[in-house]
Amino acid sequence: MKAFLFGIGAFFFGLIVWLFCHDYNLNHMHYNQLKTVAEEASVAATLFTESKAESEGNIVFNQTEGHKAIKAVLKSMLKTDENLNPVEGSYWQEKITYKAYFFDDSNTTYPKSFTDPETGFKFEVLRPSVVVTINAGKARYTMAGIIDDTVNIRSAAHEIVGW
């Protein structure tokens, strides 16, 4: 009987360890993907500039169109709806939020040091740049009450080079 109870205990312990490793690895993969999404969103936002300012030799971002581009990237890459709520098939379970910081010739004196208040991401702004910080919420863990529910937040920046 002692061996049977020990076997059952070892089985449940092994199951808990396996679940933790599976959940941790899955979250690690999606957390790394979140950085790629932040990079793509910042690149998409830098594509939209004001043509009048460009004709005068300055780069000024069209922030309205930049935000639309960021939302389009988040919607397609993170599987969300128009309001950035995850749809079926998405790893994420909470509403996705983001912050975009636009540094251009209209509002920045170069060089400028930038530190994201949420992530501590440090970026030296030398040229017109866009920094995007994405907050995807808590990880999807099977044993959510037992494991620490850390929040998945990533930042990335893109600068216009060669202008």
Going by alpha carbons, how many degrees (0 to 90, nearest 10) lie between the helix axis of 63-77 and the longest principal axis of the chain?
30
Using a 1.4 angstrom probe on heavy atoms only, work out the carbon and sulfur share of the accessible area of the chain in %.
58
Less than 11 Å from a label point 7 Å out along the Cα-to-Cβ axis of residue 77: which backbone N atoms in region 103-143 qualify, by residue?
132-134
Which of 115, 153, 10 sits farthest toward the positive end of the charge dipole of region 1-159, with +1 on the Cβ of Lys and Arg and -1 on the Cβ of Asp and Glu?
10
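Stokes-Einstein D for the chain at 10 °C, 1.306 mPa s, Kirkwood Rh over Cα pairs, in µm²/s? List each step's numbers first, then the result.
Numbers: Rh = 18.0 Å.
Approximately 88 µm²/s, per Stokes-Einstein.
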Solvent exposure ordering (accessible area, 1.4 Å, most first) of 2, 95, 122
2, 122, 95
Using 7 Å Cα-to-Cβ label points, what is the residue 127/residue 4 separation (nm, one decimal)?
7.3
Per residue, what accessible area does the chain have, given a 1.4 Å probe and all protein chains present, in Å²?
59
Once both axes come from the Cα atoms, what is the angle between helix 2-46 and the longest principal axis of the chain, in degrees from 0 to 90, rounded to 10?
10
Rounded to the nearest 20 debye, dipole of region 1-159 from Cβ charges on Lys, Arg, Asp, Glu:
560
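The values are calculated or read from the model by the stated rules, or taken from the named source; none is laboratory data. Not measured: the values here are computed from a predicted model. Here the Cβ is made from the backbone with ideal geometry for all residues, glycine too, and neighbour counts use every protein chain on show. Ligands, DNA and RNA are stripped out before the accessible areas are found, and what is left, the full protein with its side chains, is counted by its heavy atoms. Shrake-Rupley method; radii C 1.70, N 1.55, O 1.52, S 1.80 Å.
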